[in-house]
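J.: Below is one structure. I have some questions about it.
Computed from the coordinates by the stated procedures, all read-outs in this text should not be read as laboratory data. Fair warning: this is a prediction, and the values are worked out from it, not measured in the lab. Quick reminder, even Gly has a Cβ in these numbers, built from the backbone with ideal geometry, and neighbours come from all protein chains shown.
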Amino acid sequence: MYRSIIKSLTVSPAMVSSVASVFKSALLSRPDSCGLKLLDSCFSYPTGQENGEVLALDFGGTNLRIILVRLNGNRTYDLLKEQIINLNENRSGINLTAASSSGEQLFDYIAYEIGEFAGGNMDYLLGHCFSFPFRQLSPKSAILLEWTKEIRTRMVVDREINNMLTVALQKRGLDRIKPTAIVNDAVATLLAAAYRSQSADLGSICGTGHNTSFFDKSGHLINIESGNFFNNVLPVNQYDVLLDDNSTNSLHQRFEKMVSGAYLGELFRLIILDMVRCGHIFAESVDVVDSLSNRNALDSKNISVLLQKGDFIIRTRSHTINAREKIMLKNLAIAMVVRAARLIAATYAGIIDYIDPNQLGNHIIAIDGSLYEQMPYFAQTINDTLHEAFGHKRGIFEIQFEKDTSGVGAAIAAIMAKENLHRNYPPHFR
Ligand code: GLC
């Protein structure tokens, strides 16, 4: 059983190239047949000269980040102040990401925190990094298509997000704080990277969620929503199917459920539970089964601790985890992490092949996210898999780690939108 699970998690070089080529074909035609949304962000390359002190809101899940950033206009910036707020446990006492809360409650609370952070009704532009799929109507307005990453707040889907935020700010007398841009985090990461260097052309998030953006041939910055990618070419196993069936958004975000931090712990739990029940590990200990029976009992942090320190969070009274079991657990965790990284790298290879079929350029892939930063084996495997995919064409890609730059990207977007520079293509695109 153990061997067959490891085998089902293995992504061969042939599979990498099939995933890359299916992904490329989906970008070329019928993206919707593979779940790709290709949402035009309304933004193009920043000039690098954007400057000013700007507020940014980074809303990507249960944690909300507010920052004040100074863009220096010379491709550099300084982070002046930041605050992180948990939307589940906060001063309002309400879990704002649950279905019991409404969008109005959510944005009223966000407006309150922005007011506290800004020190009252001060003149600020605000860039909003909103890390969900939305249809962009203009640089500053967008309609939420659906929640992902298990957020359930009511009466936000199909609404105009920055309008809800603006109304909430006005209700609090904060009308001098002006949301002028809304961008997805994959888009914001790429804007921040392109602000520093114009050869950045892919932006990706490998954290709680997963998504990638890129500059297309005409210089438009496109949000792929690659977390929703799905095709028969993906090595889906029985645990992926079970995880999806039990999730709050079954049949959506299937790729994200195989590769991102929000789901790796759950996948690990389903695999271990099955192995315990079949008597392959932990001598069928009832207390292990009990402690693993709840959905999301394990998270990706547990996996990184296991891989870094060899510690496994499940303690059993009836059975001491032996050396053989520790090795099995570790190998399963590695197989899951390596699968995730290889599949993601395959999509990057597909995108690069799409934007540069003759493979002439040097493409910077800007990546942000906790998995990329902290999960053992993850970053290295992405890099190795891309080398494997491009073989001799080694100079074709370069990976750049972007730590927490989505807020900065949103701030850059706020200035670009205000100065009407969001469609200001560099000379080679005109
Ligand atoms: C989810 C969202 C996507 C976001 C990603 C990373 O996949 O749908 O918009 O970019 O998470 O946060």
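J.: List 404, 240, 368, 32 from most exposed to least, where exposure is judged by having the fewest other Cβ atoms within 10 Å. It would help to have the intermediate numbers written out before the result.
T.: Values: 404 16, 240 19, 368 26, 32 10.
By the 10 Å Cβ count, ascending: 32, 404, 240, 368.
J.: Calculate for the chain the 222 nm mean residue ellipticity that helices alone would give, adding -39,500 (n - 2.57) per DSSP H run of length 4 or more and normalising by residue count, nearest 500 deg cm²/dmol.
T.: The per-residue figure over the chain is -12500 deg cm²/dmol.
J.: How far apart, in nm, are the 7 Å Cα→Cβ label points at residue 355 and residue 92?
T.: Modelled inter-label distance: 3.7 nm.
J.: How far apart, in nm, are two points set 7 Å out from the Cα along the Cα-to-Cβ line at residue 33 and at residue 78?
T.: 5.4
J.: Separate question: Test of understanding: what is the full-extension gain from residue 217 to residue 280, defined as 0.36 nm times their sequence separation minus their Cα-Cα distance?
T.: Value of the extension gain: 17.5 nm.
J.: Residue 217: which lysines have alpha carbons under 17 Å from its alpha carbon, excluding same-chain residues fewer than 8 sequence positions away?
T.: The qualifying lysines are 24.
J.: Over the Cα atoms, compute the radius of gyration (one decimal) and Dmax (the largest Cα-Cα distance, rounded to a whole number) for the chain, in Å.
T.: According to the Cα coordinates of the chain, Rg and Dmax are 21.9, 70 Å.
J.: I need the P(r) histogram for segment 292-430: all alpha carbon pairs, bin width 10 Å from 0 out to the longest distance, whole percents.
T.: It works out to 10, 27, 27, 20, 11, 4, 1, 0, in whole percents.
J.: Hey, another quick one. Give a quick list of trypsin sites (Lys or Arg not before Pro) in segment 260-360 that DSSP marks as loop, anything other than H, G, I, E or B, with at most 16 other Cβ atoms within 10 Å.
T.: Of the trypsin sites (Lys or Arg not before Pro), the ones in loops of segment 260-360 whose Cβ has at most 16 other Cβ atoms within 10 Å are 295, 315, 317.
J.: Given Cα positions, please report Rg to Rh for segment 245-293, the hydrodynamic radius being the Kirkwood one.
T.: Expressed as Rg/Rh, it is 1.07.
J.: Something else now. Below 12 Å, Cα to Cα, which aspartates and glutamates can residue 149 reach? Residues fewer than 8 away in the same chain don't count.
T.: Within reach: 256.
J.: Go through 326/393; 81/178; 257/326 and tell me which ones have a Cα-Cα distance over 28 Å in this structure.
T.: 326/393, as the Cα separations exceed 28 Å there.
J.: When Lys and Arg each count +1 and Asp and Glu each count -1, what net charge do the other residues less than 13 Å away from residue 190, Cβ to Cβ, add up to?
T.: -4
J.: Something else now. Taking a point 7 angstrom from the Cα of residue 232 along the C-beta vector, which residues in segment 332-355 have backbone N less than 13 Å away?
T.: none
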